[in-house]
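First up is the structure itself, then whatever we jot down about it.
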Amino acid sequence: MKSTVKSSVEVSRFFTDGKKAVTPYVTIFLIERSQYDHPRGRTCVMAGKKLGNAVTRNRAKRRMRALISDLGGPWPGYDVAFLARNRVLTANHEEMCNACKKALAKVGIQ
């Protein structure tokens, strides 16, 4: 079973309490969780309406889910949110992976 963050209250916590790392493709938010809350870790994929219509937003989310899978997520003990930026739609997958690895290292994962 995949663990995802779906509650709007929990999503808003990323913006208020989370560590933030910005790449040209996505903005990454991280909240450290205790092992008792969610030991497997959870992820959240977001694409705002500024990105485009529903088809465009869904495409961005699919690309970010593939990115999370390639990066080894979800990460135990952490809630991690990926917020799409415009360049996520046209970027090379390898470039996105490399940029996100650096950003995750910056916030304390990997």
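A short reminder: the numbers here are calculations on the coordinates, not readings from a lab. Just so it is clear, the model here is predicted, and its values are computed rather than measured. Reconstructed Cβ throughout: ideal geometry from the backbone, glycine too, with neighbour counts over all protein chains shown.
What number, in percent, do you get for the relative contact order of the range 8-107 if the mean sequence gap of Cα pairs under 8 Å and at least 6 apart is divided by its residue count?
Worked out over the range 8-107, it gives 39 percent.
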Sorted by mean Cβ packing within 10 Å, highest first, what order do the peptides 71-82, 48-59, 98-109 take? 71-82, 98-109, 48-59
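Which shape class, rounded, prolate or oblate, goes with the chain when its Cα gyration tensor gives a ≥ b ≥ c as root eigenvalues, a/c under 1.5 marks rounded, and past that a/b bigger than b/c marks prolate? Intermediate values should be presented prior to the final figure.
Details: a/c = 1.68, a/b = 1.35, b/c = 1.25.
It is prolate, given that a/c is not under 1.5 and a/b is the larger ratio.
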State to the nearest 20 debye the size of the charge dipole of the chain about its Cα centre, where the only charges are +1 on K and R beta carbons and -1 on D and E beta carbons. 400
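Run the numbers for N58 and R13: contour at 0.36 nm per residue of separation, minus the present Cα-Cα distance, in nm. Please list the in-between numbers first.
Working: separation 45, 0.36 × 45 = 16.20 nm, distance 2.29 nm.
Once the chain is fully extended between N58 and R13, it gains 13.9 nm.
Name the shape class, rounded, prolate or oblate, that the alpha-carbon gyration tensor gives for the range 46-101, where a ≥ b ≥ c are the square roots of its eigenvalues, rounded holds for a/c under 1.5, and otherwise prolate holds if a/b is larger than b/c and oblate otherwise.
Here the range 46-101 falls in the oblate category.
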